[in-house]
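The values are calculated or read from the model by the stated rules, or taken from the named source; none is laboratory data. Here the structure is a predicted model, which is why all the values come from computation and not from measurement. Ideal geometry is used to build each Cβ from the backbone, glycine not excepted, and the neighbour counts take in all protein chains shown. Only protein heavy atoms, including side chains, enter the accessible area calculation; ligands, DNA and RNA are left aside. Shrake-Rupley method; radii C 1.70, N 1.55, O 1.52, S 1.80 Å.
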Protein chains: 2
Amino acid sequence: MNKKAINKSALVLLMGVGLGLGAASSAVAQQTLDDVMKSRGLTQKDLLAAAKTYTPTGGRDEYLAFSSGGQSGQIIVYGIPSMRILKYIAVFTPEPWQGYGFDDESKAVLAQGRIMGKDILYGDTHHPAFSETEGEYNGRYLFINDKANPRLAVIDLHDFETKQIVVNPFFRSDHGGAFVTPNTEYVMESSQYAAPYGTDFVPLEEFNTKYRGGLTYWKFDDKKGRIDPEHSFTFEFPPYSQDLSDAGKKVSNGWGFTNSFCSERYVGGIERGRPPFEAGCSQKDTDFMHVTNWKKAAELVAAGKVKKVNGAYLITMDQAVKEGLLYLIPEPKSPHGVDVSPDGAYIIVSGKLDSHAWVYSWEKISKAIAAKKFEGKDPYGIPIISMKDTLHTQVQVGLGPLHSQYDSKKCVVYTSIYVDSMVTKWDYCKGKVLDQLHIHYNIGHLVSMEGDSVSPDGKYLIALNKLAIDRFNPVGPLHPQNHQLIDISGDKMQLLYDMPVPLGEPHYVVAIKADKLKPAIRYKSGWNSREDKRSVWRTRAGREKVVREGNTVHVYGTLIRSHITPEIIEVTEGDTVSIHLTNLERAQDETHGFAMYGQNVNLSIEPGKTVSATFKADKAGVYPYYCTEFCSALHLEMQGYLLVRPKGYKAKAGAIQEGQKYTKADYDKQVKTNLDTQAVINSVVGFITSHNYKDFPTVVALVEDATEQLGFADEAKKKSEEYATKGDYQNATLWAGQWWQYQVKTADMGLRAKTHLEENRAVKVSK
Amino acid sequence: MNKKAINKSALVLLMGVGLGLGAASSAVAQQTLDDVMKSRGLTQKDLLAAAKTYTPTGGRDEYLAFSSGGQSGQIIVYGIPSMRILKYIAVFTPEPWQGYGFDDESKAVLAQGRIMGKDILYGDTHHPAFSETEGEYNGRYLFINDKANPRLAVIDLHDFETKQIVVNPFFRSDHGGAFVTPNTEYVMESSQYAAPYGTDFVPLEEFNTKYRGGLTYWKFDDKKGRIDPEHSFTFEFPPYSQDLSDAGKKVSNGWGFTNSFCSERYVGGIERGRPPFEAGCSQKDTDFMHVTNWKKAAELVAAGKVKKVNGAYLITMDQAVKEGLLYLIPEPKSPHGVDVSPDGAYIIVSGKLDSHAWVYSWEKISKAIAAKKFEGKDPYGIPIISMKDTLHTQVQVGLGPLHSQYDSKKCVVYTSIYVDSMVTKWDYCKGKVLDQLHIHYNIGHLVSMEGDSVSPDGKYLIALNKLAIDRFNPVGPLHPQNHQLIDISGDKMQLLYDMPVPLGEPHYVVAIKADKLKPAIRYKSGWNSREDKRSVWRTRAGREKVVREGNTVHVYGTLIRSHITPEIIEVTEGDTVSIHLTNLERAQDETHGFAMYGQNVNLSIEPGKTVSATFKADKAGVYPYYCTEFCSALHLEMQGYLLVRPKGYKAKAGAIQEGQKYTKADYDKQVKTNLDTQAVINSVVGFITSHNYKDFPTVVALVEDATEQLGFADEAKKKSEEYATKGDYQNATLWAGQWWQYQVKTADMGLRAKTHLEENRAVKVSK
């Protein structure tokens, strides 16, 4: 009612209510724990599980899980033990929040994944894997495959962005990727459904002779952080359905292991009266584990002894057999996992239609290879080492065993049991079951902390259950998945937490100690994050410009709280418009977005980043654009217009009519407000600097940011005063308003800093 | 080692290990609660918060939150108080897990949202709203807007799927949607950035005369569950930037309220030396609340008194003024929320650059309207009612107040305070602050349970914070958002939980009592879920077929554990292929997926659903396809091939060479296994039927499902025996294998049922 109150209130509040908050928020809960437990039906065991997983505000998780996003084509990042999802990373599927597949830079990454010239706008992601140094996760990169369109992606853990996609030069599907060798020399990707190499049609009648499986060892360039297709190579395999792989470690380093099913080479055709694939592919008692010598293969490649087919090195079965690079070992039928123990001495395989886990000894395998002791050859001439000569032990673990994950405790392993819906903990040295735990339901993979490394941490296990069924509130016919957190620190496994997975069906997860990751909070100014270099389209503050090149209009723009420069872009119908935007912010979490009406333009520009959007302005009209990430109180006013003029349009005379006129009185009033606001800011600054704020990195960052905003305020103040001197009170008032806007942004940060100091018990210091 | 063991083990396990599990899993934790609290640094207050939020396995959340997914273009569904995300619902952005934008049926929904013929592959979703009956959430539908491309979507809560997208016929952006009238007669959508109506270019010099805002009342057809554009109407508004709306309730039913900012009608142009939008749009002390009479407007429309423009009813400002449908009331500058109290008697507005919340009285507003008491007119001739004549009270709530949410307690409201990063609880009848709580950080919207209804539940409040900054483990420059759960059941607010939002920046959330929702778990067989009717492409088991129509090949296929029919599809290069798949399953959560190499085909087919994928087979070759949702132990074998033959290809003579030959001995061995397995199944069935399983709906569903699978086993058994009679042991063995596969699926379900009975203390019954 009182208009004066609106202008003054900021001050009152900053000095009054703002300071008085502490007492109100420290009030203690009246309700007792027992009341809550009773009303929510919690047992003592539940309370213990709650205490083991609950993470208070600002707390950190001990491990970060990187989960395949299944058919969503993304990576899911969540914290352990809180099981809170922190981020979906766009990998194979366009995702607008991240601008992935919308800005030119990420479109170029997706374009690398085209199949026969076609854009593929999804992926069926399966197995993520961390880069390693001497078998330990080094926290630098993550790899994941797309089963449907055999591709591999590289994600940089410096900024959690997808940097590269490579398409397999031979396969038509891959299930068994990604797995890395102990120093990330190679990333393994094996085919699944046999198909002809090359893109030509080959009838199914030639399945045995012309359809093939295979295993690609992708060379990874650790310095560039990119896969190097030029120096990668592929093993030709028989048309069995290859499945998962694992790289040897320590004693078995230099070798790789790859499962298979359907070594019957059965081709279904239920529509013609033939029994379906599922019957013909699970008839034999055993399938084959493929054992490959990648170190020796790499030497052959380096020595120029391997030929390129379609531009990629291919080691044929004949060459592999001749050079002693490839062997087969029978394994229980339709296996799912092949998991090498931390010391590299054992390989555990389970047949999913069986109830045993089978432990192979690398010592026995390598002795048989050295002695050339084979029980025969497969139809393609590959030597078969007998199961008897390689097996360490077999253990009855449950019906439908799939995958195994290792504990920090020697000889202890956890196997997922699909049909029985349980996890079996057992000793693979002595061959005995130690514990079993029911899960809900039908577990696929499971993961222990740093479980694929040479030194697993144990502590927690996650069961990746395939069917959630009745575990959560119903959300329609399509259910979430259920990842169950299990405490494995004691002798007995303890179920702690059910986590619904709301998007995609994850296949596998890898988990890393959180403190191994050091993600950036900003980019160097003007950064092309997808190519890891300064963008040719970068712009600095004050250097924004529009450059026409023929029918293409390049807009070099910037974003900062709370305006986009330029605010008006004018082009002509038929022009190609290429907007390049640099986020000038340095502050943590000060991302700006950019969306434009009707042009499918939607960008995410994190601090320092430069991104581009190129489109054809094919229809004259008015296209509003705006910032899509809430960035300050004036976020909604962070807007602009693209004006697409018809061809041959002649501008009429006359300037924009201001909707509102301002006088000297308006100017004086605004200046008064600003001076009062400055006094308040000074008092907040006084509070901060009179405390040990330099001990709080969060506050130091906020102060840095606030100081920058105050600098902008000064610039606006000067402009305002210049106009006032000239008697132009319209512009003087508007710039005085802008000066106040910067003050409000300063106050916002100052208050956040002050609150942080209060909540974290900062102490007064003498200057 | 012992091959016999592989076949026998299933039996041993079913009878042995399977039965003995109970003891192992009931072991009690050794660690004490105190130890855990100490090691994790938890306070007693933390433990209480953990107990208030932790939800044990199988537990249900009390409320379901439906959150805008921001720039992800999706809806996020999560449970309260566990804050676990249950589902992302695809709305404006293609999403492969759900097959959304990949199957023909959902592509048709997305196509409704095209702008000037262009596919728009994202949305900037803002404000979800539930359908209502007499002002209460009825749990049937959800609406949400896309700000960037002014559109509105309808989601059916029966199956959590998007059914319809409508494009606003007049606007170029919308921020203020969706809000529903108390019986879902209309869904409100207001424009944000002023633009010319129609798609032509209009220069900014004509901003005041030709650029316009507006408010659309979309007619909702509750029976069809669809918006009816034919009977919807739009109010023409001045070129102020309209913001949020709310519908009147009870005493104010029939009216709508819409905020605005930038009533200065300022047009920026920082690139030309003009102060930016943010300065010019926040200069005046007040903006305007628009008050619209939708009931009377609807009567005018019904009476044929409103004209259509571009095919849609438009109530011009002149007509609205003349008919008494539109009024303006000054409101504090740059407001963000306009929130009508549960009884409809008050409207709370906050100016985001102010520190007060302003309470307007509907009684006073309606009296002024009746008395035609105005303080003037705006430049467009709209009567202005004075602030003084309408205000009930103003309360100093904190710096940067945005939105308000109502409690179950009379006169109690919670307001989000952006700059101060806090929530203020206050009494809007007496006009006094009751409590304040710091949040982390910079809150935008907030939501109380059923807070927009005529009878809010209170209990919990969620703060939708815009900047998470340091709250979670770092995940790169782009941060998650932070939704904080607050207990509001007592006098003082208690912070319970920090939930990271991993994808998109939500703007608003609505929360409904979970038991109001009754989502389906399956569709009627052969269902087109996007059109809510039987699909013309549906197929029944055994009726699968391939039909050629010119150059188009229609494949009528089915999916069931674990095979796709047909398994081989043959077409000719250049054909258009249209694959129609029906999921034959009835069991809960038995979704099948379907992905095909290189064709961008990726489908999700929930039980009963029929979906289609149409593409051009433009390149001869071999294209594997497979099920992408882990559906049974034989899921990986659920595969097939599309064979695209070159034009003019002549098949060579000769059948497929079997990779493996089977004899009578193989057949006999398989039959023996099957008979043994049947004995085990019978024992599990015996266990189930000897208990009160009919008291457990989950078990009843599993038994129904298992019985069906056993029926399939019988069919395969018959085929097997027929071939054996003819001496064809190749096919006899393969069909016997298929018979066993069905047995394994039966056993899977039987064991799940048995476990459920054991875990839920089923009791023995006498038959």
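For a paramagnetic label modelled on A:LYS223 (point 7 Å from Cα along Cα→Cβ), amide N atoms under 20 Å away belong, within segment A:509-537, to A:531-534. For chain A, the longest principal axis of the Cα atoms and the long axis of helix A:729-759 meet at an angle of about 50 degrees.
For segment A:524-639, the share of DSSP beta bridges that are antiparallel, to the nearest 5, is 75%. Rounded, prolate or oblate: which fits segment A:281-329 when a ≥ b ≥ c are the square roots of the eigenvalues of the alpha-carbon gyration tensor, with rounded for a/c under 1.5 and prolate only if a/b beats b/c? Prolate, because a/c is 1.5 or more and a/b exceeds b/c. Accessible surface computed residue by residue for segment B:526-636, with neighbouring protein chains in place and a 1.4 Å probe, gives 28 Å² per residue. Output needed: Cys residues of chain A lacking any neighbouring Cys C-beta below 4.7 Å, sorted by number. If one checks each Cβ against the other cysteines of chain A, A:CYS627, A:CYS631 turn up with nothing under 4.7 Å. A Förster distance of 35 Å, applied to the separation of the beta-carbon atoms of B:ARG548 and A:LYS616, puts the FRET efficiency at 0.35.
In this simple spin-label approximation, B:LYS661 and A:ARG534 carry label points 7 Å from Cα along the Cα→Cβ vector, and these lie 7.3 nm apart. When the label point is put 7 Å from the Cα of A:ARG272 along its Cα-to-beta-carbon vector, which residues of segment B:560-587 have a backbone N closer than 17 Å? Label zone hits: B:564-572.
Which of rounded, prolate, oblate describes segment A:571-728, given a ≥ b ≥ c as roots of the alpha-carbon gyration tensor eigenvalues and a/c under 1.5 marking rounded, otherwise prolate only if a/b is larger than b/c? It comes out oblate by the Cα gyration axes.
Under a 5 Å amide H cut-off, with hydrogens placed 1.01 Å from N, B:MET493 pairs with nothing among residues at least 5 apart or on other chains. Rounded to the nearest 10 degrees, the angle from helix A:664-689 to the longest Cα principal axis of chain A is 50 degrees. Counted over all Cα-Cα pairs of segment B:169-309, pairs farther apart than 21 Å make up 46 percent.
Cross-link pairs exceeding 31 Å in C-alpha to C-alpha distance, out of A:LYS296/B:LYS661; A:LYS296/A:LYS333; A:LYS661/B:LYS430, comprise A:LYS296/B:LYS661; A:LYS661/B:LYS430. Amide H to amide H, with H built 1.01 Å from N, A:ASN528 comes under 5 Å of A:LYS533, A:ARG534, A:SER535, A:THR610, counting only residues 5 or more places away or on other chains.
Summarising the label geometry, the points placed 7 Å from Cα in the beta-carbon direction at A:ALA312 and A:LYS118 lie 1.8 nm from one another. Working from Cα pairs under 8 Å separated by at least six residues, relative contact order for chain A is 9 percent. Decide, for segment A:77-204, between rounded, prolate and oblate: order the square roots of the alpha carbon gyration tensor eigenvalues as a ≥ b ≥ c, take rounded if a/c falls under 1.5, and otherwise choose prolate if a/b is larger than b/c, else oblate. Verdict is oblate for segment A:77-204. At an R0 of 35 angstrom, the distance between the Cβ atoms of B:SER690 and A:LYS38 translates into a FRET efficiency of 0.50. Computed from Cα atoms, the angle from the helix A:44-53 axis to the main principal axis of chain A rounds to 70 degrees.
Applying a DSSP loop filter and a limit of 15 other Cβ atoms within 10 Å to the GluC sites (Glu not before Pro) in segment A:288-389 leaves A:GLU375. Size of the protein assembly as shown: Rg and Dmax of its alpha carbons, in Å, are 33.1, 108.
Remark: segment A:391-470 is approximated by an ellipsoid whose semi-axes, taken from the C-alpha gyration tensor as √(5λ), come to 20, 16, 9 Å, largest first. The trypsin sites (Lys or Arg not before Pro) found in segment B:648-748 that occupy coil by DSSP, while having at most 10 further C-beta atoms within 10 Å, are B:LYS650, B:LYS652, B:LYS661, B:LYS726. In this simple spin-label model, placing a label point 7 Å from the Cα along the Cα-to-Cβ direction at both A:SER489 and B:GLU758 gives a separation of 2.8 nm.
Run the numbers on segment B:588-656 and let me know its relative contact order in percent, using alpha-carbon pairs under 8 Å that are six or more apart.
For segment B:588-656, the relative contact order is 29 percent.
From its DSSP helices (H runs of at least four residues, each -39,500 (n - 2.57)), chain B gives a residue-normalised ellipticity at 222 nm of -6500 deg cm²/dmol.
When only Cα pairs below 8 angstrom with a gap of at least 6 residues are kept, segment A:472-535 shows a relative contact order of 22 percent. Counting only DSSP beta bridges with both residues in the protein assembly as shown, the antiparallel share comes to about 90 percent. About its Cα centre, chain B has a charge dipole of approximately 1300 debye under the convention of +1 per Lys or Arg Cβ and -1 per Asp or Glu Cβ, with nothing else charged. Within the shell defined by Cβ-Cβ distances under 12 Å, the residues around A:GLU161 carry a net charge of -4, with Lys and Arg each +1 and Asp and Glu each -1. Paramagnetic label reach from B:ASP728 (point 7 Å along Cα→Cβ; backbone nitrogen cut-off under 17 Å): within segment A:250-284, residues A:267-277, A:279-280. The HN-Hα couplings worked out from phi for segment B:166-183 by the Karplus form 6.51 cos²θ - 1.76 cosθ + 1.60 (θ = phi - 60°) are 10, 9, 5, x, 10, 8, 10, 6, 8, 9, x, x, 10, 9, 10, 7, x, 10 Hz, whole numbers, x standing for Gly and Pro.
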